[in-house]
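Just below is one structure, and these are the notes that go with it.
Only the coordinates and a few stated rules stand behind these numbers; no lab work does. Fair warning: this is a prediction, and the values are worked out from it, not measured in the lab. Positions of Cβ are generated from backbone atoms using ideal geometry, with glycine treated the same way; all protein chains shown enter the neighbour counts.
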Amino acid sequence: MTAPSAEAEPQALPQGKVWAIFGGLMLAMLLAALDQTIVATALPTIVSDLGGAEHLSWVVTAYLLASTATTVLWGKLGDLFGRKSLFITCILIFLAGSILAGTSQTMGQLIAWRAVQGVGGGGLMVLSQAIIGDVVPPRERGRYQGLFGAVFGVSSVAGPLLGGFFVDNFDWRWVFYINVPIGVIALIVVASVLPRIAAGAKPRIDYAGIILLGTISTAIVLVTSLGGTTWEWSSAPVYAMVALAIASLVAFVMVERRAPEPVLPLHLFRSKVFSVAAIIGFAVGFAMFGAITFLPLYLQTVKGSTPTESGLEMTPMMLGLLITSIGSGQLISRTGRYKIYPILGTAITAVGLYLLSLMDQGTTTLQAGLSMFVLGAGLGMVTQVLVIAVQNDVSYRDLGTATSGTTYFRTIGSSVGVAVFGTIFSGRLTDELATGVPDAAQGSCGSEALAASAQALTQCPPEVQAWFLDAYAGALHVVFLGAVPVAVLAFALTWLLPEVELRTVTRDEDGAGSGHAVGASFALPSSRTSLEELRMILWRRVGKRDPLRVYELVSQDVALSPGEAWMVTRVSLKRTRSVRLMAERTAASEDTVRGVADSLAARGLVEVDGDTVRALPAADAVAESIREAERERLRLYVAEWHDGEEPEIEQLVEQLTHELLADRIDHAERR
């Protein structure tokens, strides 16, 4: 019996080839994820070399904004034209952006090439996950997706460390050049090993919605980053950007009401869970990337740490994030309650930001580390929980867009946060440097020269150094203190987040979704459909189980032992089975396997002829009863999403039943 599929079955590939493809995808994903954080510890050196300190936040913002704006488009284009050629294109765009960023001679050039990197990086992230669905059977897919999630967690720790290492031992330009050899390896692997898979169903792309959403996001970031610094608040450019944002918002609402497949369905905002989670996510992203971007400035400029040392000194923040992200996920799985974690997380985040605002020249490394740990611990309790809450609340048909939408608001919050922090820092530093100016603050040691680049500070008189560092610490104090009200607002909103009883399938009883929990803090919006999102949720719950555990759950319905249920299903599927082969594949002795076969023969279900076990007609009826018992178990998991109007869910249940009961022996034989 072959199970109908809710989607096209992936082409069967040898396991070695699958691992080669997966290795290439992981390298590409790692490149894109690292570039969100790797520049943080290099920023002070970049500013010293290129100048343009007032625009330093755009080195991070340009990448985040470009990658976020293009993610959905890349996913849809992959569905239309096939993913291999587009993935190769994204690698080439990313590598071109990396090379050009490394050759930048001005801050403006660097920002432009970082945007090019972001365009490619957004495609790498979304297409890597989609390609796994093209080449990996559903049974294995959850494991691979979990590893992708872990990549973001690793990059959050490794990014600042690697950025500091390259600056100290080579040059800041190697922060970008290092992408080239790794990207070339990924390109060669993907181009030579990944099969060309024909595009499936043709989606209707909401081009207007994507463009308008990107326009709104860009206009907001431009106003928040350039307003009050490069542009006066009452200037024509600010008015023009505000008008553009408002006009685009109005147009976006009109377009999304009529779009057959809207990029962000407006009816999602009728859900209190989604609306509140979106605002909280925006605030958390605002605080998280603002801190990641400006902490290296404090550590390197005020404390005098080297780039490598600053990367190490930021590790407590990432460690706190990893611990509470994984820990809160496991506690939610055990208790089914999630509301308390965003409440605690946003409160702790506010405390962490306040502690950061207290840091000055006299702060010890231990004190700074503890403050950063507190901030990370707070952030880790929030990001993944918001996704869980939204997935638990929305209907099946909105599962994909709601999940992506929640992540989108966090990512846009990150872009706006970095921009706002940059504006506050630049304006406050100018004010601080205008007071108490020493007589020796002239020429290269003057306020304008040092604000643009602190490279010459060590050659300045001691009184100038003390004056400048006090001013720098004072500006950063205002930056971190200014983020506290945002975290407090998020804290207030978390009390409005409804706690809906968790659907059974959204729980992860043994914490196997840790990779997803870690990745949720840094991942970009995906283009997964509702069916793909539901498949991932289901496989986190049931796909990781040992096959015999599945038979333990269903064997009681047919009055068989788990081993007997396993064998009758196997033999019914293939009609005949070898005792020796079943013993080899299950690591059981031949005597044990033969004993199970003899027991089934005594019941009239099979006949045993030497090494061969052959199914009798009665075995087919029993095997179908076992499959139906497993179908019923899966239907219970999806019942809260399934209202009888989504035939693809029933097809998914049938497919998962087939995959669960067709264990690795069958997959291996197919290959």
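Structure above, values below:
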| quantity | calculated |
| --- | --- |
| Förster radius 56 Å - calculated FRET efficiency between Asp171 and Ser625 (Cβ-Cβ, nearest 0.05) | 0.25 |
| Tensor-based shape of the range 86-136 (alpha-carbon gyration tensor, a/c under 1.5 rounded, otherwise prolate or oblate) | prolate |
| Prolate/oblate/rounded call for the range 160-276, Cα gyration tensor, a/c under 1.5 rounded | oblate |
